[in-house]
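The values are calculated or read from the model by the stated rules, or taken from the named source; none is laboratory data. None of these values were measured; they are calculated from a predicted model. Reconstructed Cβ throughout: ideal geometry from the backbone, glycine too, with neighbour counts over all protein chains shown.
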Amino acid sequence: MNMIGHAYLNYEKVDLAPFKAFYTGLAKINKQRIEENIRLEDFTKSSERNVLIDLMQKNELKRTKTELPLVHYLFSLFNVSTENKLIALKWAVFNIQSFESIAQTENITENNFNEITSKYKTTICDICRCFRLANHDKNKIYKTLTSIPSDLQELINQLDSIIGKNKERLKRSLPSLSEEDINRLSVIKNAYNFIVTQQKRQRTHSSQTRKSSKPIDQPTYRHKKVSLDDEVLLFTTFRSNEDTYDIEDQEQSTLQDHGFNFDEKEKYSLAFQKIKLMAQAQHHQKNNLMSKSNPRVYDLLTAQLIMQRILEKATDSPIHSLLLFSVLSLTHYKDIVSFSNKPCESNRTKKLYLNKFECYFKQSFDVSTFKSNHIKLKEHKLNTTNSYAIPLPQSYFSTLIQLKKWDMGDIESEVNEYLRTIGQDLTFNLTVENLPRLISDITLNELGYELESKLLAGMSIKHYVSCNYFSSTVVDLLDSYEQTLKLVTSTFDTQYIHNLSSSISFGSQQSPDVALAQAFFNELDRCVRQAADPFSCLNHYSIWLWHICMIITSARPSHSFPPNLDYIDFEMQIMGVADKEQRYASTIGRCIPFNDFLKAEIQHYLAFLNKFKTLMQILYPSEYIQPIQDVLNGQAPILLFQDKHKLRPFGLSDLQHIYENLDLQKNWTRHFCRYFFAQFCDEDIIKSIFGHDENMQGLFDKYSSFKPTNLSQIRNAQDKLVAILNLKGMSNLNEVTFI
């Protein structure tokens, strides 16, 4: 059996046998020697080192840090500074021995070796990357981790303590470690915590398996009682016995996994014994259920087998070609067998075009559209269509057309028979209803393209809110479609797909193009700078800043947005947004990061209000400037508006004169940003920004997959948005307006 590490030292282009030998040498070092002053030269000859250096100088290995993290980590041991050589080598030995401890934990065999190595791939990659970076001179990790722990749990506790202390020092602006170093230590802790968690689960599972094979000697007796209405009741009574205490002690770890924490008195009570047995049964049932695959969703192996069996006979068999077209067009076969001169309509939004000249299907969507009849405005739509077209293989049409002479009853009978043959040895229940779902299932579950999966399936926007805002290009969707096909059938020729490749974008037609967005913000900017007096300047300034907040945060139009100062953290650059309607007993809200530009503009606006307040104190009574004081005290939303010689909070009705002729919805900024952020942010992050995330997956929910690095991803996208729209700040407005 190979070592665990050897699985991550395989590369088709280069033979990495010298690295495997180097890895094996480190893995065989006795744990006691870690405490000694070991040297790399003691067990690595100069000739062997030269071989490794020659390998790393090959072009094939220069850009494989992501693909072969263990190779680059091992090689980095030769480039460590003199002061860190000893500690770096000791940590390398500790890490490698930790990797190999997985073999004992998981009980690896030849059958499950690939599955286990795939399970730990990300974990080992994170550890290798962090320690490889630690081998640079400027890194402080080795100065922090000066001693090698005795086991993994001690390491996790040590890292917890270090991270906690340095985060506190960072808050007090007295950092001993940079934020990047702290994040790197967190990655190491999380990676090793995963290994420890798996070890605990395996021990608990094996312990439970051993106990379940033997009957628990639990002193019980059963008896019957008759109720007042003559109903026979069965009772089971547990007798207290000292022999049961040992069993309960052994099961305590299993019960804690389910949240059962008992003190010493409860531990030996009769009620505890009842709960314990019930928990054992439920835990066993849960494990049996969770170990089963979902019988209603395609997995990759099932999809590959089905496509292989369909393609084997698709050239000669009309039924197999029909099944192939059903998969490729994501359409029920009955909607395909309609050989007329007109396109086949599988549903209200999909049409198939099948003839000897061209074969393709066209999918359209109900999306938000421009309501204006203004021709120039319609020319500035970001998306010129609300549909896409995907070609189908023309070479199979000559076989498919033979079904034109068949009776529909015969076709139905043959299709069902062939599906039974194709899926006879599969656990997946293959039917004519779920066959068209094969492409969309694999796109979602294997590639992780959620939006593209919904688009290919033609899902209604009523069932997937993100589709209401999306913008995508035809060529991008075709690329995702082609990736899925290559995944399920590598031998299938997909060149025909590029026949309809186009850079035309489709999706929400409520989003303007970049040129119109630039012109819109330029006009708002001009109105602020050319205002005739401070009062009109305040109104135009509030309108401008409202749109700036909307375009950067992608919030929904709301009377409570932008919020009070109490909900804006300028230091962390996070804004609390409550832009959904009130449901049940609480307001649906979320936190959105914002960039330096918006931070500066909000602060400039507050400085403007202070100068405005100073000027108005001379001309008006104190009641007039009270709304400004409320804003500065965090008691009211930050934007103000001058109306009928009074100051009041800014409202959505104050935008009416802008959108009367424009005929855009006030939330056009969300439609535009959905298109823009999709180019720079992951889909999960976009859903969190837009408030479309699933339960407990918000940006700062403790159960979410959100990482601190995602903040920089969002802010970088916001910075690029500011640059593309050529947004200008109002830093010099205060000096100009009040002269």
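Here the condition is being outside any helix (DSSP H, G or I), hydroxyl-bearing (Ser, Thr, Tyr) and modelled with pLDDT under 85; of Ser466, Ser472, it holds for Ser472 alone. Of all residues in region 388-411, those that are in contact (Cβ under 8 Å) with a residue 60 or more places away in the chain, more than 11 Å from Glu358 (Cα to Cα) and not in a strand (DSSP E or B) total 10. When the helices (runs of 4 or more DSSP H) confined to region 106-154 are screened for residues that are within 22 Å of Met3 (Cα to Cα), those reaching at least 1 such residues are found at 113-119, 121-134.
Taking region 414-440 only, how many residues are in a loop (DSSP other than H, G, I, E, B), within 15 Å of Val297 (Cβ to Cβ) and not hydrophobic (A, V, I, L, M, F, W, C)? Write out each step before concluding.
Taking region 414-440 and keeping what is in a loop (DSSP other than H, G, I, E, B), we get 423-434.
Of the ones still in play, those that are also within 15 Å of Val297 (Cβ to Cβ) are 423, 426-431, 433-434.
When the remaining residues are screened for being not hydrophobic (A, V, I, L, M, F, W, C), the result is 423, 427, 429, 431, 433-434.
Summing the residues that are in a loop (DSSP other than H, G, I, E, B), within 15 Å of Val297 (Cβ to Cβ) and not hydrophobic (A, V, I, L, M, F, W, C) in region 414-440 gives 6.
Taken over region 108-133, the criterion of being in contact with an Asp or Glu (Cβ under 9 Å, 6 or more places away or on another chain) and not charged (D, E, K, R) is satisfied by Asn112, Ile116, Tyr120.
One residue stands out in region 114-140 among those that are farther than 21 Å from Thr64 by Cα and modelled with pLDDT of 80 or more: the one that is surrounded by the most Cβ atoms within 10 Å (Cβ to Cβ), namely Ile116. Put simply, of Glu48, Glu35 the only residue that is more than 14 Å from His72 (Cβ to Cβ), modelled with pLDDT under 75, of a type in the set (Asp, Glu) and surrounded by fewer than 16 Cβ atoms within 10 Å (Cβ to Cβ) is Glu35.
Consider Ile714 against the criteria (1) at pLDDT 80 or above; (2) assigned to a loop (DSSP other than H, G, I, E, B); (3) surrounded by 19 or more Cβ atoms within 10 Å (Cβ to Cβ): it satisfies all of them except one. Which criterion is unmet? Among (1) at pLDDT 80 or above; (2) assigned to a loop (DSSP other than H, G, I, E, B); (3) surrounded by 19 or more Cβ atoms within 10 Å (Cβ to Cβ), Ile714 violates only (2).
Residue-by-condition table, conditions (1) in contact (Cβ under 8 Å) with a residue 40 or more places away in the chain; (2) out of contact with any strand residue (DSSP E or B) (no Cβ under 7 Å at 6 or more places or on another chain):
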site	(1), (2)
Ser490	no, yes
Ile497	yes, no
Ser505	yes, no
Val514	yes, yes
Glu523	no, yes
Arg526	no, yes
Ile543	yes, yes
